[in-house]
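Data first, discussion second: the structure below is written as structure tokens.
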Number of protein chains: 2
Amino acid sequence: MGFPINSYKKSAEEYNRALKVIPSGIYGHLGPAEGCFVPVSAFPFFSERAKGTYFWDVDGNRFIDYMCAYGPNVLGYNDEEVDEAAARQSKLGDCVTSPSTRMIDFAEVLVDTVASADWAFFAKNGGDVTTLAILTARAFTRRKKIVFFKRYYHGVAPWAQKIDYPGIIEEEVVNNIYVPWNDYEKLAQVFEENKGEIAAVISQPYQHGNFTDNELPLEGFWQKVRKLCTEKEAMLIIDDVRAGFRLDLAGSDHFFGFEADLICFCKAIANGYNVSALCGKEFLRNTVSSIFYTGSYWLSAVPFAAGIATIEKMKRLDLPKLLNDKGIMLRDGLLSSAKKHGYDLRFTGMPALFYLRIAGDSNGPDDSLMIHQRWIAEMVKRGVYFTNHHNHFLNSAMSEQDIKTTIEIADEAFAVL
Amino acid sequence: MGFPINSYKKSAEEYNRALKVIPSGIYGHLGPAEGCFVPVSAFPFFSERAKGTYFWDVDGNRFIDYMCAYGPNVLGYNDEEVDEAAARQSKLGDCVTSPSTRMIDFAEVLVDTVASADWAFFAKNGGDVTTLAILTARAFTRRKKIVFFKRYYHGVAPWAQKIDYPGIIEEEVVNNIYVPWNDYEKLAQVFEENKGEIAAVISQPYQHGNFTDNELPLEGFWQKVRKLCTEKEAMLIIDDVRAGFRLDLAGSDHFFGFEADLICFCKAIANGYNVSALCGKEFLRNTVSSIFYTGSYWLSAVPFAAGIATIEKMKRLDLPKLLNDKGIMLRDGLLSSAKKHGYDLRFTGMPALFYLRIAGDSNGPDDSLMIHQRWIAEMVKRGVYFTNHHNHFLNSAMSEQDIKTTIEIADEAFAVL
């Protein structure tokens, strides 16, 4: 007991500097504005350096980081094998008029590794490849409608946003249909009501949305969805941007026992180097070739070299098992500490991507929000970077001692609530 | 005379390997498929390394590269100052849960450098920031329609594609209006016909489209467009992804004597490191903050460090003047050689981004295409990477000797036609 409490003086100063030249100071999922799921007063705004499972903020505070840059950090920050492969390629060339053959090497690695991959197409954002998947499905089927499962997130392209978001017009989302997660009957009904009009079903491999306990697929759910899509000649697109490689190196569809037609990767694919990939089945190869789709940095070689090294190391480590074991150790410790202090902590989703919620807080405006947020704040102030209402991420550089320290800090945080 | 002719045996072998695992083998603007503007039989498919103004292909052929990775290479490949700044930041951290203050530093540099920038928002693709500009314009004006100038290219997001492209549905482009370049009367008429409905005019700073002689703005054109947009309360968006920093470090709008409301940068902004930026005026700061827009790698620190070093070096070199001088030297040599051999070579657009066409070829299916393509092929086979129907790019590492060699090779290529 008695962990030191962080102060964030320099972070606050830098944030004021940022506000002058950057809208919101820090925008998007890393920022303290509306989209932020971390307790603002308790958390750092800017990092100074990062290594392994830790980062240090501009005030010198160290964090055991359970967000992993929201996913990309899967082997530990600045992993030496990955960084050496990247540096070696960087000396030769990165963004050049003709691509490097590292692109072919990386595509071969993905085709060898990912069960549903007969080919790979590389871009930069997760949203670049979810968008390419939608374009491919529409081009192949010559249909317009796309089915989403509620609580989805497929990036920020206009088609993936919502009608009431600023700048979005109805035309961009008018062909979207929303179905509750795990509700096969509703999905089948939607196919009946839109006969011959559905181009694709797009989904994350399980429901790992924000502000909600995460939900795994019901027994047989994916097998029924797969069969329905095949029968109705609609494409089944798996958005594995967030979960990809952490559950199964062969793809999260493989983990749940089915095969997607198209599968989207990003984040863990190259340990933070900037690349995303769409992989898919042979019958879609010509269609994806026909799409008008390119970008200034899409064939840069350094992220391909980093991706090859990342996937090789993940295989050698048997990464999914390793992360699952760490997640279970953490889960058992956190649940036991919560119970001791009389809190009903829920730990949902897969252990490598766990979602946390303290349930049963009748003092809050909604079930659990207030006490949960206060607990998370006490964790972050003591150097464990947890988040309020978003899933967490594990990386292979996290040690047993890191997890033990995390559980000790959780215990102290429960005690001071 | 007597420059050696390249062979591409290994390129062809690697391309066959690529075809097995990548749709089209090489896709997009770097590939030999439909979108390619280089003479396929005469050009290399894969690069092995790059330095300064050259790259070497997998067969060991060296090229004086006038495509510069289609824009990003502005200071020479593997520029030591830029790479050192990037490597220094890389050792500290790149893609981390909290952003680095390099993000603020880079935004400050852009706000100091770009005339119409009161703030900067960073993403990855040029298309990320053209899309953000459209969302911002729609959110601010609460209108839907967007005016484009024909021959435009604003990236591959569905709204920026065309109705007959695979996978694109009419809803995505139904609010687009197309006006001929330099046709102010038509633009004014479009505003009359769509009163209170036009959210934005989006345009490149001059017409640098493919398969067409490039056209600078007519005298007073931009000033009239600026005035019209202001009167009609429509946003004026400049897509400076391709021309940005090569004409004027303060922005190509500044070069042509007006101010955009929103301006999009990519390519030359960080000498090949992966970053793009939307800059804009103070009155749009809150609107851009309200847009739901983020990405996994958008706040990564290494490209910010590279971008700062790139802009500092471009300022020190007075890069736009330097590239213009090189472009004029090249132009004079090429035109003189063409004249000597009896060809009507057209050199259009700005010298730093020149577009080439041999006019008056009555043997071709269309004016000039056949002879032009044969001439380009003879150049590429002798180690000058020119392209058929796309503008070229200069970089500051290109020497007078490189330009002299280019003109000698051009002379031999004209001779053998």
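The values are calculated or read from the model by the stated rules, or taken from the named source; none is laboratory data. Here the structure is a predicted model, which means the values were calculated and not measured. Note that each Cβ is placed from the backbone with ideal geometry, even for glycine, and that neighbours are counted across all protein chains shown.
Values computed for the structure shown
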{"read-out": "The one condition in (1) within 24 Å of the chain's Cα centre (by Cα); (2) within 22 Å of B:C279 (Cα to Cα) that B:P180 fails to fulfil", "value": "(2)"}
{"read-out": "Identity of the residue in the range B:1-59, assigned to a loop (DSSP other than H, G, I, E, B) and among the charged types (D, E, K, R), that ends up modelled with the lowest pLDDT", "value": "B:E34"}
{"read-out": "Residue in the range A:56-76 that is more than 8 Å from chain B (Cβ to nearest Cβ), of a type in the set (D, E, K, R) and touching a residue at least 24 places away in the same chain (Cβ under 8 Å) present", "value": "yes"}
{"read-out": "Any hit, the range A:162-170, residues being touching a residue at least 12 places away in the same chain (Cβ under 8 Å), more than 18 Å from A:D128 (Cα to Cα), in contact with an Asp or Glu (Cβ under 9 Å, 6 or more places away or on another chain) and more than 10 Å from every other protein chain (Cβ to nearest Cβ)", "value": "no"}
{"read-out": "Output for the range B:90-125, where each listed residue is among the polar types (S, T, N, Q) and touching a strand residue (DSSP E or B) at 6+ places or on another chain (Cβ under 7 Å)", "value": "B:T97, B:S98, B:S100, B:S116, B:N125"}
{"read-out": "Test set (1) within 7 Å of chain A (Cβ to nearest Cβ); (2) small (G, A, S); (3) under 30 Å from B:S337 (Cα atoms) - B:A107 fails condition number", "value": "(3)"}
{"read-out": "Every residue from the range A:129-147 that is buried (at least 21 other Cβ atoms within 10 Å of the Cβ), of a type outside the set (G, A, S) and either out of contact with any Asp or Glu (no Cβ under 6 Å at 6 or more places or on another chain) or within 7 Å of chain B (Cβ to nearest Cβ) (or both)", "value": "A:V129, A:T131, A:L132, A:I134, A:L135, A:T136, A:R138, A:F140, A:I146, A:V147"}
{"read-out": "Counted residues, the range B:367-395 - those being crowded, with 20+ Cβ neighbours inside 10 Å and among the acidic types (D, E)", "value": "1"}
{"read-out": "Subset of the range B:292-308 (residues that are of a type outside the set (F, W, Y) and either more than 10 Å from chain A (Cβ to nearest Cβ) or buried (at least 24 other Cβ atoms within 10 Å of the Cβ) (or both))", "value": "B:G295, B:S296, B:L299, B:S300, B:A301, B:V302, B:P303, B:A305, B:A306, B:G307, B:I308"}
{"read-out": "Of all residues making up the range A:306-357, the number that are more than 19 Å from A:V384 (Cα to Cα) and touching a Ser or Thr at 6+ places or on another chain (Cβ under 7 Å)", "value": "4"}
{"read-out": "Residues of the range A:105-128 that turn out to be among the small types (G, A, S) and in contact with an Asp or Glu (Cβ under 9 Å, 6 or more places away or on another chain), as a count", "value": "5"}
{"read-out": "Wholly enclosed helices (runs of 4 or more DSSP H) of the range A:309-417 bearing at least 3 residues of a type in the set (K, R) and out of contact with any Leu (no Cβ under 9 Å at 6 or more places or on another chain)", "value": "A:319-340"}
{"read-out": "Condition check for A:I198: touching a residue at least 24 places away in the same chain (Cβ under 8 Å) and either in contact with a His (Cβ under 7 Å, 6 or more places away or on another chain) or under 30 Å from B:A137 (Cβ atoms) (or both)", "value": "no"}
{"read-out": "Hits in the range B:58-73 - residues which are among the aromatic types (F, W, Y) and closer than 14 Å to A:W298 by Cα", "value": "B:Y70"}
{"read-out": "Matching option when the condition is of a type in the set (D, E, K, R) and in contact with a helix residue (DSSP H, G or I) (Cβ under 6 Å, 6 or more places away or on another chain), among B:E81, B:E14", "value": "B:E81"}
{"read-out": "Some residue of the range B:75-94 being closer than 30 Å to A:F37 by Cβ, modelled with pLDDT of 95 or more and within 19 Å of the chain's Cα centre (by Cα)", "value": "no"}
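Per-residue answers, yes or no, for (1) surrounded by fewer than 23 Cβ atoms within 10 Å (Cβ to Cβ); (2) among the charged types (D, E, K, R); (3) within 24 Å of B:S290 (Cα to Cα):
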| site | (1), (2), (3) |
| --- | --- |
| A:N16 | yes, no, yes |
| A:L19 | yes, no, yes |
| A:P32 | yes, no, yes |
| A:F45 | no, no, yes |
| A:G76 | yes, no, no |
| A:L92 | yes, no, no |
| A:C95 | no, no, no |
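So that you can scan it fast, the table gives a plain yes or no per residue for (1) in contact (Cβ under 8 Å) with a residue 60 or more places away in the chain; (2) among the aliphatic types (A, V, I, L, M):
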{"site": "A:A270", "(1), (2)": "yes, yes"}
{"site": "A:N274", "(1), (2)": "yes, no"}
{"site": "A:C279", "(1), (2)": "yes, no"}
{"site": "A:R285", "(1), (2)": "yes, no"}
{"site": "A:S289", "(1), (2)": "no, no"}
{"site": "A:T310", "(1), (2)": "yes, no"}
{"site": "A:L317", "(1), (2)": "yes, yes"}
